[in-house]
Amino acid sequence: MENKTEWWKQTSIYQIYPWSFQDSNGDGIGDLKGILNRLDEIQELGVETIWFSPFYLSPGEDFGYDIADYTKIDPRFGTMEDCDRLIKEIHKRKMKVVLDMVMNHTSDKHPWFLESKSSPSNPKRKFYIWKKGSKKPPNNWISMVGKSGWNYDRATDEYYYSNFLSFQPDLNYRNPKVKQTMFGVLDFWLKKGVDGFRLDIFNSIYKDESFRDNPLSLRFFPTPDNHDEAFFQKKQYNLNLPESFSFAKDVRKHVSKYKHKPFLIGEVSGSDQVLKSFLGENADGLNLVFQFELIHFQFNAKFFKNLLLKNETIFPKPFTPTYVLGNHDQRRYIDRLGGDKRKAKLLVCFQFMARGVPIIYYGEEIGRKEGRISNFKGKDPIAKMNRFVPLFLSNLIGIYINRDNCRLPMLWDDSKNAGFTNGTSWLPVGTFQKEDTVAQQKRDKDSLWNQYRSMFQIRKEWQAVREGSLEVIETNVMDVLCFERKYKETILHVYLNFGNQLQKLPLTNKTNLIYAFGGSKLRESFLELPSLSGMILRMTESKSLRK
Ligand code: NOJ
């Protein structure tokens, strides 16, 4: 069934967080018309697929990840007409649209939940997971946010389950009606022509049927790529259940009925084996899953080399790895680099040139920095839960609490509020320099924005980057990473010098320079790679580097 030219294997994904991208009506919150006004600029950057964080009707307690109606647009963002127009205009520009789909839970203000809560005999009761407990929660399950996932409802003397926050009750996929209803929601959007879905906490869809207690574990802190052992618990019975793996195949089968072959990308976490189970042993599950290793990169060639080797071993073709530097839940990567845009250029070249799908979070292309909003002042519900934890302490122990800080408005230009809004921005724009904005970086050919643009262009131009094989090449220089991308007769080599020293590498056959940055030079018989520079070459022969 796998066809190597499937578009989603070759694409790149750009995530827009609608709250913070572009406001058009002065209410301080981004909206669909605002995004529409920026579509040409998104296209100019080279974006191929846009993923939108939720803009459905929502009380907004988790900024859209708490949905009150899956087929309505929240008035903060506009109307269904705006949405239809947005989809149309994106397609007109030959880009694709991916919507965020929160299948695991709804808002507790969703009419289904209000009905469900109203009485144990209500037909919607079984839409959610309700259970009796004898004066204590029915079992020991800890949610992803580190507290009991059971929420007591005094009126009916039962508990409902939520694997995230209490106002996000989990749907009960053991009820066939829930499955059917949610497939109907997918159909609603697929008929509007959306090209795929990003599936929120998809690894949480099923919970153990007999509600067994989770075993204990010694681990306390979760990491971005592993939630399944955390808070002193191995989450064997409330995350990553085999039923969720087979549900991935059901959803894939369902969406595959559509002629335009929509795709699915799952937010799941766990070991590589778990990730692979969501993709299906015959690549017949989710098309892609987020791989979060780059969220905690170490800035040295060895780290990136090992990541490539690992992905080529565990996710060889027909699987497609993904490379993610950040999203609306994680500290921005530029802050992890101490703001160093030269280092950022290396990371981006790696992300775009590796075999797989690069996923870019809005603002990464200009090196948009984090905010410094304390947990106490946070709007993010996770920050509110932890409001007495000082920011420096959460930073020190390496856990990310106040997600407001990675959701600050886009920096478009040096006008008021960086061109994001005429009104009062919902989150502070923060201090910034002219050089930090899109407008200025577009003018500067050495800017990070232009590095991203070149990377998008190189992907478009070279089949070898989009679907070629990947092989790591030994250079014998510890600080330099080199890898080969090959498609039919075309061979490209990527060199990245992560170290502090200038490196010279001999060349033995004819080459053409495709791209150079950071002062690297292609000399007659060797390559000159200053510290933090990189180069992409077309080779006439494979593995042309000698010791
Ligand atoms: C994961 C999303 O990325 C996050 O922003 C959200 O708060 C939770 N899922 C709950 O939907």
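The values are calculated or read from the model by the stated rules, or taken from the named source; none is laboratory data. None of the values given here were measured: they were computed from a predicted structure. All Cβ positions, even for glycine, are placed from backbone atoms using ideal geometry, and neighbour counts span all protein chains on display. Areas reflect the complete protein model, heavy atoms only, side chains present, ligands, DNA and RNA absent. Shrake-Rupley method; radii C 1.70, N 1.55, O 1.52, S 1.80 Å.
Worth a mention:
Each row is one residue, and each column tells you yes or no for (1) under 30 Å from Asn450 (Cα atoms); (2) surrounded by 15 or more Cβ atoms within 10 Å (Cβ to Cβ); (3) not assigned by TED's automatic domain parsing to the domain that holds Leu239.
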| residue | (1), (2), (3) |
| --- | --- |
| Gly30 | yes, yes, no |
| Gly34 | yes, yes, no |
| Val47 | yes, yes, no |
| Gly60 | no, yes, no |
| Met80 | no, no, no |
| Leu86 | yes, yes, no |
| Arg93 | yes, no, no |
| Lys117 | no, yes, yes |
| Ser121 | no, no, yes |
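- Taking (1) surrounded by 22 or more Cβ atoms within 10 Å (Cβ to Cβ); (2) within 16 Å of the ligand (Cβ to nearest atom); (3) closer than 26 Å to Ile265 by Cβ in turn, Ala383 satisfies each apart from (3).
- Restricting attention to the stretch 190-206, the residues that are within 16 Å of the ligand (Cβ to nearest atom), more than 17 Å from Ser53 (Cα to Cα) and out of contact with any Ser or Thr (no Cβ under 7 Å at 6 or more places or on another chain) total 1.
- Filter result for Gly356 (assigned by TED's automatic domain parsing to the domain that holds Phe220, more than 18 Å from the chain's Cα centre (by Cα) and either surrounded by fewer than 18 Cβ atoms within 10 Å (Cβ to Cβ) or away from the ligand (no atom under 16 Å from the Cβ) (or both)): no
- Residue in the stretch 413-425 that is hydrophobic (A, V, I, L, M, F, W, C) and out of contact with any Pro (no Cβ under 8 Å at 6 or more places or on another chain) present: no
- Listing of helices (runs of 4 or more DSSP H) fully contained in the stretch 266-344 that carry 3 or more residues being open to solvent by 30 Å² or more (accessible area, probe 1.4 Å) and in the same structural domain as Gly363 (by TED's automatic domain parsing): 272-279, 301-314
- Gly378 vs. criteria assigned to a loop (DSSP other than H, G, I, E, B), at pLDDT 95 or above and within 16 Å of the ligand (Cβ to nearest atom): yes
- Between Asp187, Asp157, Asp153, the distinction of being open to solvent by less than 20 Å² (accessible area, probe 1.4 Å), among the charged types (D, E, K, R), away from the ligand (no atom under 16 Å from the Cβ) and out of contact with any Ser or Thr (no Cβ under 7 Å at 6 or more places or on another chain) belongs to Asp153 only.
- Matching entry among Ser425, Ser415, Ser394 (being hydroxyl-bearing (Ser, Thr, Tyr), open to solvent by less than 40 Å² (accessible area, probe 1.4 Å) and over 27 Å from Pro222 (Cβ atoms)): Ser425
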